[in-house]
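**Student:** My questions all concern the structure below.
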Amino acid sequence: MKHLMALFLLSLLAGCSTTPEPSIVPAPITNTGADYQMGVGDEISVQVWKSPELSVDVPVRPDGKVSVPLVGDVVAIGKSTKDLSKELTNEFGAYVRNPQVTVIVRNPASANFLRRVRVTGAVGSPLSVMHQQGMTVLDMVLLAGGLTEFASGNNAKLYRKYGDKVEVFPIYLSDMLEKGRLDTNYELHPADIITVPERIF
């Protein structure tokens, strides 16, 4: 009887000591590659069907423009490839019969910073690295040298941008590192930010 009572008390204590489950899990970000807006430094290819002499590979200059044969300078910054293709099709219409123009981003150099993930606060070395498929919260924290002795690991947060809004999700890093609880070891997405506060003494 005493043995059963002890087991009952232990189970109660274990239930009280667990960290609350996160009520909201961050949803994955939909791939918006088709809506990518070109920026300074991007290398783009303008292809005009059956007119190779008009097809060029050009960079987006610091003034946000690209130079295209016959048409001249055209603003590319802030536009999608679909938008620029449509604009160039209209422009080439003055010189070519029924032009078909395709714009491709060959090197999205301006996206490098947009695709970075970051960890700041009470970690060994705050870090900003390029996002890689499959990277998780724990991967990022370990890359940053783990938590400092002053870190309040269970009060860490994940900031994720959805359009014009930023959602904030709790991360229980101390439980993750000390107890192996991986409930909040979320897979990271481009532009995610992890913050780790210090304890208040």
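**Student:** If you scan region 111-141, which residues turn out to be out of contact with any helix residue (DSSP H, G or I) (no Cβ under 9 Å at 6 or more places or on another chain) and outside any loop (DSSP other than H, G, I, E, B)?
**Tutor:** Residues satisfying the conditions are 111, 116, 120, 121, 128, 130, 136, 139, 140.
**Student:** Give the number of residues within region 147-171 that are within 21 Å of the chain's Cα centre (by Cα) and not β-branched (Val, Ile, Thr). So that I can check it myself, show each step before the final result.
**Tutor:** Of region 147-171, the ones within 21 Å of the chain's Cα centre (by Cα) are 156-171.
Adding the requirement that they be not β-branched (Val, Ile, Thr) leaves 156-165, 167, 169-170.
Adding up the residues that qualify gives 13.
**Student:** Another question, if that's okay. If a residue must be touching a residue at least 60 places away in the same chain (Cβ under 8 Å) and more than 30 Å from residue 37 (Cβ to Cβ), how many such residues does region 124-180 contain?
**Tutor:** Matching residues across region 124-180 total 4.
**Student:** Determine whether residue 114 is surrounded by fewer than 18 Cβ atoms within 10 Å (Cβ to Cβ), under 23 Å from residue 162 (Cβ atoms) and at pLDDT below 95. Steps first, please.
**Tutor:** On the way: surrounded by fewer than 18 Cβ atoms within 10 Å (Cβ to Cβ): yes; under 23 Å from residue 162 (Cβ atoms): yes; at pLDDT below 95: yes.
For residue 114, the condition - surrounded by fewer than 18 Cβ atoms within 10 Å (Cβ to Cβ), under 23 Å from residue 162 (Cβ atoms) and at pLDDT below 95 - is met.
**Student:** Provide a single number: the residues in region 46-86 that are hydrophobic (A, V, I, L, M, F, W, C), closer than 18 Å to residue 110 by Cα and not in a strand (DSSP E or B).
**Tutor:** 4
**Student:** Got a sec? Which of 127, 158, 142 is within 24 Å of residue 112 (Cα to Cα) and touching a Phe, Trp or Tyr at 6+ places or on another chain (Cβ under 8 Å)? Give the steps one after another, and end with the answer.
**Tutor:** Working: 127 fails: touching a Phe, Trp or Tyr at 6+ places or on another chain (Cβ under 8 Å); 142 fails: touching a Phe, Trp or Tyr at 6+ places or on another chain (Cβ under 8 Å).
One residue alone meets the criteria, 158.
**Student:** So residue 42 clears everything in (1) among the acidic types (Asp, Glu); (2) crowded, with 16+ Cβ neighbours inside 10 Å; (3) at pLDDT below 90 except one condition, right? Which one?
**Tutor:** (3)
**Student:** May I pose another question? Kindly evaluate residue 66 against the criterion of being in contact with a Ser or Thr (Cβ under 7 Å, 6 or more places away or on another chain), assigned by TED's automatic domain parsing to the domain that holds residue 97 and either over 30 Å from residue 153 (Cα atoms) or modelled with pLDDT under 55 (or both). If you could, list the steps in order and put the result at the bottom.
**Tutor:** On the way: in contact with a Ser or Thr (Cβ under 7 Å, 6 or more places away or on another chain): no; assigned by TED's automatic domain parsing to the domain that holds residue 97: yes; either over 30 Å from residue 153 (Cα atoms) or modelled with pLDDT under 55 (or both): yes.
Spelling it out, it is not the case that residue 66 is in contact with a Ser or Thr (Cβ under 7 Å, 6 or more places away or on another chain), assigned by TED's automatic domain parsing to the domain that holds residue 97 and either over 30 Å from residue 153 (Cα atoms) or modelled with pLDDT under 55 (or both).
**Student:** Would you point out which residue out of 76, 144 is within 28 Å of residue 189 (Cβ to Cβ), among the hydrophobic types (A, V, I, L, M, F, W, C), surrounded by 17 or more Cβ atoms within 10 Å (Cβ to Cβ) and in the same structural domain as residue 160 (by TED's automatic domain parsing)?
**Tutor:** Numbers: 76 fails: in the same structural domain as residue 160 (by TED's automatic domain parsing).
Among 76, 144, only 144 is within 28 Å of residue 189 (Cβ to Cβ), among the hydrophobic types (A, V, I, L, M, F, W, C), surrounded by 17 or more Cβ atoms within 10 Å (Cβ to Cβ) and in the same structural domain as residue 160 (by TED's automatic domain parsing).
To keep it simple, each residue is scored yes or no on (1) of a type outside the set (Ser, Thr, Tyr); (2) on the phi > 0 side of the Ramachandran plot; (3) out of contact with any Lys or Arg (no Cβ under 6 Å at 6 or more places or on another chain); (4) modelled with pLDDT of 95 or more.
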| residue | (1), (2), (3), (4) |
| --- | --- |
| 50 | yes, yes, yes, no |
| 54 | yes, no, yes, no |
| 80 | no, no, yes, no |
| 89 | no, no, yes, yes |
| 96 | yes, no, yes, no |
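**Student:** Oh, and also: So in region 92-110, with the set limited to residues that are in contact with a helix residue (DSSP H, G or I) (Cβ under 8 Å, 6 or more places away or on another chain) and surrounded by fewer than 17 Cβ atoms within 10 Å (Cβ to Cβ), which one is farthest from residue 48 (Cα to Cα)? Spell out how you get there, then give the answer.
**Tutor:** Just the residues of region 92-110 that are in contact with a helix residue (DSSP H, G or I) (Cβ under 8 Å, 6 or more places away or on another chain), to begin with: 92, 96, 99-105.
This time we only want the ones that are surrounded by fewer than 17 Cβ atoms within 10 Å (Cβ to Cβ), so: 100, 102, 104.
Working: 100: 6, 102: 7, 104: 12 Å.
Among those that are in contact with a helix residue (DSSP H, G or I) (Cβ under 8 Å, 6 or more places away or on another chain) and surrounded by fewer than 17 Cβ atoms within 10 Å (Cβ to Cβ), it is 104.
**Student:** Given the criterion assigned to a loop (DSSP other than H, G, I, E, B) and either in contact with a helix residue (DSSP H, G or I) (Cβ under 8 Å, 6 or more places away or on another chain) or closer than 30 Å to residue 51 by Cα (or both), identify the matching residue among 89, 184. Reasoning before the result, please.
**Tutor:** Numbers: 89 fails: assigned to a loop (DSSP other than H, G, I, E, B).
Being assigned to a loop (DSSP other than H, G, I, E, B) and either in contact with a helix residue (DSSP H, G or I) (Cβ under 8 Å, 6 or more places away or on another chain) or closer than 30 Å to residue 51 by Cα (or both) holds for just one of 89, 184, which is 184.
The values are calculated or read from the model by the stated rules, or taken from the named source; none is laboratory data. These numbers come from a predicted model, not from an experiment. For neighbour counting, all protein chains shown are included, and Cβ atoms are generated from backbone atoms with ideal geometry for every residue, glycine included.
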